[in-house]
């Protein structure tokens, strides 16, 4: 019998420089050290049944990440967190563990706070953001397998507000076709070269 758990966690501090594969290795190592009865895949090179619904970009702090883990023995959420958290680096914090049915995780919306290295006049920054949101079509080109394709990035921008002359908040929604990247929105705003710390504040998901 298998048991499924949904983790809600944070990745802060210097761990923002970790790649997706490095973060996965940290979780796997911590699970082994904690003696958690994890399930493994079949085959010649069994892997822990640990899945991330998306890869967090390097140099992004997050206060709202998710992953799913499969166990071969039942553990209460409280005992699970108490056993595993001491084995994780202090920059990776467990917010909540929830036992779930077997399901997949799909992102719906991410909300980011973006700090800028230049302090703009707030009116100028608001004018840039409002001007972008007012447009119905924002063509962005991507190259894939040697071919360039364009898409309308406006379909994925749900929120774009000015916090101060050096901070904006960006909400990106997801569809079956994916989403727009943070750097693509910043390039449209003419702010890419002034980008400082990016922090993910919220991840909205669905389980299916």
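Laboratory data are not the source of any read-out in this text; all were calculated from the coordinates shown. Since the structure is predicted, the reported quantities are computational estimates derived from the model, not experimental observations. Don't worry about glycine lacking a Cβ; one is built from the backbone with ideal geometry, like all the others, and counts go over all protein chains shown.
Here are the numbers for the structure shown:
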{"item": "Enclosed volume per residue, in Å³, of the convex hull spanned by Cα atoms of the stretch 106-207", "result": "103"}
{"item": "Two-site FRET efficiency, residue 123 against residue 193, from Cβ-Cβ distance with R₀ of 25 Å, rounded to 0.05", "result": "0.75"}
{"item": "Tilt relative to the chain, helix 122-134 - C-alpha long axis, 0 to 90 degrees, to 10", "result": "80"}
{"item": "Helix-only CD estimate at 222 nm, as mean residue ellipticity for the chain, using -39500 (n - 2.57) per DSSP H run (n ≥ 4)", "result": "-6500 deg cm²/dmol"}
{"item": "Within the stretch 169-208, backbone nitrogen closer than 14 Å to the virtual label 7 Å beyond the Cα of residue 155 toward Cβ", "result": "173-181"}
{"item": "Peptides 180-191, 95-106 ordered by average Cβ neighbours within 10 Å, highest first", "result": "180-191, 95-106"}
{"item": "Segment residue 95-residue 76, extension gain: residue separation times 0.36 nm, minus the distance between their alpha carbons", "result": "5.3 nm"}
{"item": "Answer label for Cα Rg over 2.2 N^0.38 Å (calculated), chosen among (1) 1.32; (2) 1.47; (3) 1.16", "result": "(3)"}
{"item": "Mean Cβ neighbour count within 10 Å, used as a protection proxy, ranking 80-86, 153-159, 143-149, 37-43 highest first", "result": "153-159, 80-86, 37-43, 143-149"}
{"item": "Pairwise centroid distance, computed over Cα atoms, of the stretch 140-194 with the stretch 1-65, Å", "result": "27"}
{"item": "Fraction of alpha-carbon pairs over 14 Å apart in the stretch 5-69 - percent", "result": "61"}
